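The values are calculated or read from the model by the stated rules, or taken from the named source; none is laboratory data. Note that the structure is predicted; figures quoted are calculated from it, not measured. Cβ: placed from backbone, ideal geometry, glycine included. Neighbour counts: every protein chain shown.
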Amino acid sequence: MIAVFKRILSWAGDLRGRVIAGFLIEILIAAATCMPLFVAAWVLGQLIDVARGQQSLDASVAWMALGAIGACMIVRAIAWFVKDTQQESVGYERGAATRLEIGEVLKRVSLGYFQNVKTGDILSTVTTSLNVVELEAVRQADAALGGYIAAALITAWLFAVCPLAGVVSVAAIALATLTLRAINRNAARLTPAARRATDHLSGAVIGLYEGLGTIKSYGATKEGLAPYHAANEELKKARIAIEYGFTAPATVHRIILTVASAVLPAVAAAALVAGQLELWMFAGVVLVSMTIFTPIIKLSDAAHMFADLNDSLDRIQAVEHAEFIDDDGSDMKLDRYDIVFDDVSFSYDGREVIHDVSFDIPEGTTTAIVGPSGSGKTTLSSLMARFYDVNSGAVCIGGHDVREFTVDSLLRNFSMVFQDVYLFDDTIEANIAFGREGATHEMVVEAAKRAQCHDFIMELPQGYDTVVKMGGTSLSGGERQRISIARALLKDAPIVILDEATASIDPENERMVQQALTELTHGKTVVVIAHRLATIEHADQILVVDGGRVVQKGTHAQLVAEEGTYRRFVEVRAQAEGWRIG
């Protein structure tokens, strides 16, 4: 439990002072909670003495008692208010900050990280795990500390008035702590399985969402839902196992403290009969026996939760401590924008997919990369932007190895337009302005006009303030492409990568997208990955990639004049683009 306390304080970061202040205030609250019991016991003893004729009734005793109890209630109320204002929002503040920190981490890791760590795992960490920590970490630590502080104060009083009762209290708390450790051990053993099951369920939900169209089109609802049902069943079994592991030690925990609550009055009664205890002290022991262990009984839930918190913190820290791809990089600015591959090799999961590739892309020129599917075209563009690091050789931009840059300073030089355009769940204007910090409305409109999308935007219900659905599914493919190009135009980076930017667009939209691309690429260093001849035949150079190697290099005229992969590619594409229904 102490280890979890330390981790919670560490997670609190620069807010840990507020957490510690709340813990200190908890001591005052515990004292203000216990004191009325002692006062009530003393008053009860006075009244019994009056009833037995041992002393006369003094009204000032009642007023003094009421004053003391009232003062304790006021102190406790003020302390609660101060503690809540200091401590209650810490979890939410740190939770929000942690999400931003994780976002920064994910921005700086290699894309290979996402091949090793599933999307469902990351989603579960940022949602479920972080929710557990932000909601429960400070609260459960506070409950545990408060329970022990209150028990310690009462136990100290018991030792002062009836040492044997103090011994009973210490023994009960010690035994109860052992059961809490058993609860924590069982939960720690079983919680990871539940968390893995949660990850599997998150992944199954994502898979179900992404594959629902295919599932319905094939009428394979039962088969399509099978992974979802299996993940749900796995999580159910894992959670039930945790409850079974919790029940036995939690029951023993409650029995120990309940028996101790009954033993305390008996011990006090024996001391009273033996003349070792005053009557009011006996009354006090009876009163505190009803409440001394109540907070510790509730700690069985906290002990159970601590294992969950520990596991959640492990998962959060695993993401936060992911290896950055740009750990050794620096913020650099370029004065030229040529691209050089020098004997580059690269592997996915130990399988080499790029083999000893070398080529130059001069500044201000257009280079097309063509080749069969799976030949490594997109991988080459990913290496330029350092989405991955090469295994050997070097990729240089403007004379500098890309490994010398930070991610931000490198990508500042790139605008990218992909075949599958992603738009955020936000306004059209925000999606275009995403490409440039501080962009004004006028700048957004100008970029949209240049990208041939202003007219259709103005026909939308709220124009530039129209909110598109996540991914941009409320727009057509051509509309999404033009917005993506407007975003790239607004960024105005010196290097442009077009990865199959017109591959799945109808002829009418293709004409408008090509006009937008002409605007985007004017005066830039351009890399085009495409299959359509109209997109590549006017490039300054064409790189033909096959099996992870550059097998041909030259202009369209040069390459069609020689036997090889490119000429076969041109012949096949010409047949495909000129086909007719027989």
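Only residues that are surrounded by 15 or more Cβ atoms within 10 Å (Cβ to Cβ) and among the hydroxyl-bearing types (Ser, Thr, Tyr): list them for region 90-129, please. Those that are surrounded by 15 or more Cβ atoms within 10 Å (Cβ to Cβ) and among the hydroxyl-bearing types (Ser, Thr, Tyr): THR98, SER110, TYR113, SER124, THR125, THR128, SER129. If I ask for residues that are among the aliphatic types (A, V, I, L, M), surrounded by fewer than 23 Cβ atoms within 10 Å (Cβ to Cβ) and not in a helix (DSSP H, G or I), which ones from region 479-497 would you list? ALA493 - this is the single residue of region 479-497 that is among the aliphatic types (A, V, I, L, M), surrounded by fewer than 23 Cβ atoms within 10 Å (Cβ to Cβ) and not in a helix (DSSP H, G or I).
Within region 303-314, residues that are touching a residue at least 12 places away in the same chain (Cβ under 8 Å) sit with their Cβ atoms under 6 Å from residues that are of a type in the set (Phe, Trp, Tyr) and assigned to a helix (DSSP H, G or I), at 6+ positions apart or across chains, in these pairs: HIS304/PHE246. Checking each residue of region 137-152 against the condition of being crowded, with 19+ Cβ neighbours inside 10 Å, polar (S, T, N, Q) and closer than 21 Å to ILE27 by Cβ gives at least one match. Would you check if there is a residue in region 533-540 being within 21 Å of THR379 (Cβ to Cβ) and modelled with pLDDT under 75? Looking through region 533-540, at least one residue is within 21 Å of THR379 (Cβ to Cβ) and modelled with pLDDT under 75.
Residues checked against (1) within 22 Å of ILE154 (Cβ to Cβ); (2) not in a helix (DSSP H, G or I):
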| residue | (1), (2) |
| --- | --- |
| LEU225 | no, no |
| TYR228 | no, no |
| GLU233 | no, no |
| ALA248 | no, no |
| VAL259 | yes, no |
| ALA268 | yes, no |
| ALA271 | yes, no |
| GLY275 | no, yes |
| PRO295 | yes, no |
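Please specify each residue of region 269-305 satisfying the condition of being among the polar types (S, T, N, Q) and under 30 Å from ARG239 (Cβ atoms). If the condition is that a residue be among the polar types (S, T, N, Q) and under 30 Å from ARG239 (Cβ atoms), then THR294, SER300 are the ones that fit. Looking only at region 406-442, count every residue that is of a type outside the set (S, T, N, Q), buried (at least 16 other Cβ atoms within 10 Å of the Cβ), part of a helix (DSSP H, G or I) and out of contact with any Cys (no Cβ under 9 Å at 6 or more places or on another chain) and tell me the total. Residues that pass the stated criteria total 6. Among the residues of region 341-349, is any farther than 28 Å from ASN116 by Cβ and either among the polar types (S, T, N, Q) or more than 37 Å from the chain's Cα centre (by Cα) (or both)? Within region 341-349, not a single residue is farther than 28 Å from ASN116 by Cβ and either among the polar types (S, T, N, Q) or more than 37 Å from the chain's Cα centre (by Cα) (or both).
Here is a list: ILE242, ILE297. Which entry is closer than 30 Å to LEU44 by Cβ, surrounded by 14 or more Cβ atoms within 10 Å (Cβ to Cβ) and hydrophobic (A, V, I, L, M, F, W, C)? Give the derivation first.
On the way: ILE242 fails: closer than 30 Å to LEU44 by Cβ.
So the residue among ILE242, ILE297 that is closer than 30 Å to LEU44 by Cβ, surrounded by 14 or more Cβ atoms within 10 Å (Cβ to Cβ) and hydrophobic (A, V, I, L, M, F, W, C) is ILE297.
When region 176-222 is filtered for residues that are buried (at least 21 other Cβ atoms within 10 Å of the Cβ), under 30 Å from SER261 (Cα atoms) and modelled with pLDDT of 80 or more, the ones remaining, listed by number, are ALA176, THR179, LEU180, ILE183, ASN186.
Filter region 459-491 for residues that are over 30 Å from the mean Cα position of the chain (by Cα), modelled with pLDDT of 85 or more and of a type in the set (Asp, Glu) and give the result. Listed by number, the list holds a single entry, GLU459.
Within the option set THR125, THR155, being out of contact with any Lys or Arg (no Cβ under 8 Å at 6 or more places or on another chain) and either assigned to a helix (DSSP H, G or I) or within 30 Å of GLY284 (Cα to Cα) (or both) holds for one residue only, THR155. Apart from one condition, LEU106 fits all of (1) touching an Asp or Glu at 6+ places or on another chain (Cβ under 9 Å); (2) closer than 27 Å to GLY207 by Cβ; the exception is (1). Look at PHE306 and say whether it is of a type in the set (Phe, Trp, Tyr) and within 25 Å of GLN419 (Cβ to Cβ). The answer is no for PHE306. Of all the residues in region 137-184, those that are closer than 30 Å to ARG239 by Cβ and without any contact (Cβ under 8 Å) to a residue 24 or more places away in the chain number 2. The test for being assigned to a helix (DSSP H, G or I), within 22 Å of ILE292 (Cβ to Cβ) and small (Gly, Ala, Ser) does not hold for ALA12. In region 380-410, the residue that is farthest from GLU104 (Cα to Cα) out of those that are touching a Ser or Thr at 6+ places or on another chain (Cβ under 6 Å) and among the hydroxyl-bearing types (Ser, Thr, Tyr) is SER392.
Return the residue satisfying two criteria in turn: it lies in region 1-35 and is touching an Asp or Glu at 6+ places or on another chain (Cβ under 9 Å) and under 13 Å from LEU145 (Cα atoms), and of such residues it is surrounded by the fewest Cβ atoms within 10 Å (Cβ to Cβ). It comes out as PHE23. Within region 18-46, residues that are within 16 Å of PHE282 (Cβ to Cβ) have Cβ atoms under 6 Å from residues that are of a type outside the set (A, V, I, L, M, F, W, C) in these pairs: PHE38/GLY284; ALA41/GLY284, counting only partners at least 6 apart in sequence or on another chain. Taking region 552-573 as the range and being without any contact (Cβ under 8 Å) to a residue 60 or more places away in the chain, surrounded by 15 or more Cβ atoms within 10 Å (Cβ to Cβ) and not small (Gly, Ala, Ser) as the test, the residues that pass are GLN552, THR555, HIS556, LEU559, VAL560, ARG567, VAL570, ARG573. In this entry, ASP331 passes the filter for residues that are exposed (fewer than 15 other Cβ atoms within 10 Å of the Cβ), farther than 30 Å from GLU571 by Cα and not small (Gly, Ala, Ser). Pull up region 365-404, narrow it to residues that are part of a loop (DSSP other than H, G, I, E, B) and of a type in the set (A, V, I, L, M, F, W, C), then point me to the one that is nearest to ASP342 (Cα to Cα). Per the stated criteria, the residue is VAL390. Kindly indicate whether ALA188 is over 30 Å from ALA266 (Cα atoms), touching a helix residue (DSSP H, G or I) at 6+ places or on another chain (Cβ under 6 Å) and part of a helix (DSSP H, G or I). So ALA188 passes the test.
Take the conditions (1) outside any strand (DSSP E or B); (2) of a type outside the set (Gly, Ala, Ser); (3) farther than 26 Å from THR518 by Cα; (4) touching a residue at least 12 places away in the same chain (Cβ under 8 Å); ILE354 misses just one of them, which is (1).
Taking the stated definitions as given, is THR291 in contact (Cβ under 8 Å) with a residue 12 or more places away in the chain, β-branched (Val, Ile, Thr), closer than 30 Å to ALA262 by Cα and surrounded by fewer than 18 Cβ atoms within 10 Å (Cβ to Cβ)? When the stated conditions are applied, THR291 passes them.
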